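Have a look at the structure below, then the notes.
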Amino acid sequence: MTRINLTVDGATVADDVEPRMLLVQYLREKLGKTGTVIGCDTSNCGACTVHLDGTSVKSCNVLAVQADGSEVTTIEGLAQDGRLHPVQEAFRECHGLQCGFCTPGMIMQSVDLLKDNPDPSEEEIRLGLEGNLCRCTGYHNIVKSVQHAASQGAAGGSAVTQAAGGAQ
């Protein structure tokens, strides 16, 4: 067992974990962050995307011990005080989901995309979401959702980030 210390959705946590435990398993099984979805276990689908120190990563491709000392934001950490993050709200308003399986990863990747490019073109959105797969939507409303979020100024970051003074 290896001791890890990290911040998840603004809360400091410390646990003993098996060195081979994936971050996605740690988040779901130890912390109950089930919004982080296990999709493929091969880092192909992006359903498990979270932010690690402010950058989106596929948590099925990161060991929990690699996150030691880091800040992790999950889909549950985006909404604050009962208010959806602007990207979450845009996905709701623009019907950017069908079954919802890929949605957490799509939203987390979209937040990161908008942080780096607050006014992306349709092509830039499609390229930015390239590593996240959706089996239901055809992506039209997902792209529309990201465009809507950008038009609403969603690039400001998550409420967790804003509460921390903007550092990510």
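The values are calculated or read from the model by the stated rules, or taken from the named source; none is laboratory data. Owing to the predicted nature of the structure, the values given are computational and were not obtained by experimental measurement. Quick reminder, even Gly has a Cβ in these numbers, built from the backbone with ideal geometry, and neighbours come from all protein chains shown.
All conditions in (1) among the hydrophobic types (A, V, I, L, M, F, W, C); (2) in contact (Cβ under 8 Å) with a residue 12 or more places away in the chain; (3) more than 13 Å from residue 150 (Cα to Cα) hold for residue 91, with the sole exception of (3).
Within region 52-73, which residues are in contact with a Pro (Cβ under 8 Å, 6 or more places away or on another chain) and surrounded by 19 or more Cβ atoms within 10 Å (Cβ to Cβ)?
Applying the first criterion (in contact with a Pro (Cβ under 8 Å, 6 or more places away or on another chain)) to region 52-73 yields 63, 65.
Hit for region 52-73 is 63, nothing else.
This table checks each residue for (1) in a loop (DSSP other than H, G, I, E, B); (2) more than 16 Å from the chain's Cα centre (by Cα); (3) crowded, with 19+ Cβ neighbours inside 10 Å.
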site: 4; (1), (2), (3): no, yes, yes
site: 19; (1), (2), (3): yes, yes, no
site: 32; (1), (2), (3): yes, no, no
site: 44; (1), (2), (3): yes, no, no
site: 47; (1), (2), (3): yes, no, yes
site: 50; (1), (2), (3): no, no, yes
site: 101; (1), (2), (3): yes, no, no
site: 111; (1), (2), (3): no, no, yes
site: 115; (1), (2), (3): no, no, yes
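From the set of residues in region 121-145 that are in a helix (DSSP H, G or I) and within 11 Å of residue 95 (Cα to Cα), which is farthest from the chain's Cα centre (by Cα)? Looking at residues that are in a helix (DSSP H, G or I) and within 11 Å of residue 95 (Cα to Cα), I get 140. Contact annotation: residue pairs with Cβ atoms under 8 Å, 6 or more positions apart or on different chains, pairing a residue in region 14-26 that is within 10 Å of residue 60 (Cα to Cα) with a partner that is crowded, with 22+ Cβ neighbours inside 10 Å and of a type outside the set (A, V, I, L, M, F, W, C), are 22/59; 23/59; 24/36; 24/59. Within the set 97, 84, the sole residue that is modelled with pLDDT of 95 or more and either assigned by TED's automatic domain parsing to the domain that holds residue 49 or hydrophobic (A, V, I, L, M, F, W, C) (or both) turns out to be 84.
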